[in-house]
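Enquirer: Below you will find the structure I want to go over with you.
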């Protein structure tokens with residue numbers, strides 16, 4: 001009887017230095033993350049050069065912790081995120097993974113960061129069911145029709161700001177600390193979302209595209225008129241609902257049109273309480289099953305990369321050691 005496959009995955013696409021070891025589709029042997037959020041908070045956002053330097057400093061320690069008690073010969077492959085993301089950050093993790101793979105004579109797997117998010121709601125499962133997938137993070141707002149592993153069709157994306165980017169930019173306008181999305185979510189819980197009526201961009205556009213720049217501009221104009229500190233929870237709740245309603249309505253519309261009975265929502269914004277509650281209520285009314293990633297797999301992490309890599313490994317995929325990074329998102333590159 002063959003033993004379950006085991007692999008090491010490394011993720012350094014932005015400001016999280018992460019490594020994970022996965023056995024089979026759900027056997028978590030290690031799940032290590034070093035967050036740089038506090039480091040970048042003084043800059044009000046991620047500085048690529050600072051992120052890269054901290055990846056270089058922390059990755060040996062993080063990988064060492066992930067491999068604690070394991071020998072390289074016990075692994076069947078080494079994987080890394082190769083894009084999309086910050087080029088200088090991607091290079092650190094991808095180069096380290098390639099070096100480890102070459103040194104141990106193991107296969108290398110180049111994993112698309114978006115695919116990691118997209119599959120994360122099904123962590124532990126050997127089969128990916130047909131479904132509609134909404135990926136919402138700081139850098140991406142993407143809607144896919146998924147037939148199964150490796151069979152993804154992009155339905156729509158944002159034409160400008162991603163949902164998470166809109167959260168962070170509005171938070172900055174409000175004078176909230178970085179990362180702003182989580183702070184808006186926290187304040188909104190005690191606010192009245194019906195007090196202010198902010199625009200719902202492209203809600204009735206007749207397609208699956210998104211746009212949040214108009215909402216961001218409307219917020220800037222609104223805030224320039226001045227507001228009382230006591231209004232902050234209501235402003236956050238009203239702004240948040242304007243984003244969430246667009247995401248949920250358009251995602252469920254896509255599911256209906258595609259005949260899908262499952263909707264998955266993943267990415268950092270999927271941790272937002274309003275999004276989870278609103279999507280849950282709306283999907284329940286339509287009889288559509290809703291899937292979110294486990295708590296530890298919503299923001300950037302290496303375990304979701306390991307899970308996607310395991311699907312590639314089982315499918316017999318292997319990628320050349322000289323596979324290049326791809327900083328920009330390309331739908332055609334999801335299956336390298």
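Enquirer: Would you tally the residues in the stretch 256-267 being touching a residue at least 40 places away in the same chain (Cβ under 8 Å), surrounded by fewer than 23 Cβ atoms within 10 Å (Cβ to Cβ) and not in a loop (DSSP other than H, G, I, E, B)?
Expert: 2
Enquirer: Determine whether residue 270 is part of a helix (DSSP H, G or I) and crowded, with 21+ Cβ neighbours inside 10 Å. Give the steps one after another, and end with the answer.
Expert: Details: part of a helix (DSSP H, G or I): yes; crowded, with 21+ Cβ neighbours inside 10 Å: yes.
Yes; evaluated as a whole, the condition is true for this residue.
Enquirer: Which is in contact with a strand residue (DSSP E or B) (Cβ under 8 Å, 6 or more places away or on another chain) and either over 27 Å from residue 148 (Cα atoms) or in the same structural domain as residue 164 (by TED's automatic domain parsing) (or both), of 201, 214, 226, 230?
Expert: Numbers: 214 fails: in contact with a strand residue (DSSP E or B) (Cβ under 8 Å, 6 or more places away or on another chain); 226 fails: in contact with a strand residue (DSSP E or B) (Cβ under 8 Å, 6 or more places away or on another chain); 230 fails: in contact with a strand residue (DSSP E or B) (Cβ under 8 Å, 6 or more places away or on another chain).
201 is the lone residue from the list that is in contact with a strand residue (DSSP E or B) (Cβ under 8 Å, 6 or more places away or on another chain) and either over 27 Å from residue 148 (Cα atoms) or in the same structural domain as residue 164 (by TED's automatic domain parsing) (or both).
Enquirer: For the stretch 200-236, how many residues are over 18 Å from residue 172 (Cβ atoms) and surrounded by 16 or more Cβ atoms within 10 Å (Cβ to Cβ)? Give the steps one after another, and end with the answer.
Expert: Looking only at the stretch 200-236, we keep the residues that are over 18 Å from residue 172 (Cβ atoms), and these are 200-211, 228, 230, 234.
Right, trim to surrounded by 16 or more Cβ atoms within 10 Å (Cβ to Cβ) and you get 200-202, 208-211, 234.
Matching residues across the stretch 200-236 total 8.
Enquirer: Select from the stretch 304-329 the residues that are touching a helix residue (DSSP H, G or I) at 6+ places or on another chain (Cβ under 6 Å) and part of a loop (DSSP other than H, G, I, E, B) and write down the one among them that is surrounded by the most Cβ atoms within 10 Å (Cβ to Cβ).
Expert: 325
Enquirer: In addition: Given the condition at positive phi and assigned by TED's automatic domain parsing to the domain that holds residue 32, answer yes or no: does some residue in the stretch 316-333 qualify? Outline the logic, then answer.
Expert: Start the filter on the stretch 316-333 by keeping residues that are at positive phi, which leaves 316.
Next cut, assigned by TED's automatic domain parsing to the domain that holds residue 32 only: 316.
There is at least one residue in the stretch 316-333 that is at positive phi and assigned by TED's automatic domain parsing to the domain that holds residue 32.
Enquirer: Please go through the stretch 93-117 and give me each residue that is part of a helix (DSSP H, G or I), in contact with a helix residue (DSSP H, G or I) (Cβ under 8 Å, 6 or more places away or on another chain) and under 30 Å from residue 279 (Cα atoms), ordered by number.
Expert: Applying the first criterion (part of a helix (DSSP H, G or I)) to the stretch 93-117 yields 93-104, 113-117.
Restricting the remaining residues to those that are in contact with a helix residue (DSSP H, G or I) (Cβ under 8 Å, 6 or more places away or on another chain) gives 93, 96, 100, 103-104, 113, 115-117.
Within the stretch 93-117, 113, 115, 116, 117 qualify.
Enquirer: Of 25, 61, which residue is surrounded by fewer than 20 Cβ atoms within 10 Å (Cβ to Cβ), under 21 Å from the mean Cα position of the chain (by Cα), at pLDDT 95 or above and not in a strand (DSSP E or B)?
Expert: Being surrounded by fewer than 20 Cβ atoms within 10 Å (Cβ to Cβ), under 21 Å from the mean Cα position of the chain (by Cα), at pLDDT 95 or above and not in a strand (DSSP E or B) holds for just one of 25, 61, which is 25.
The values are calculated or read from the model by the stated rules, or taken from the named source; none is laboratory data. Computed from a predicted structure; not experimentally measured. Using ideal geometry, Cβ is built from the backbone for each residue, glycine included, and neighbour counts are taken over all protein chains shown.
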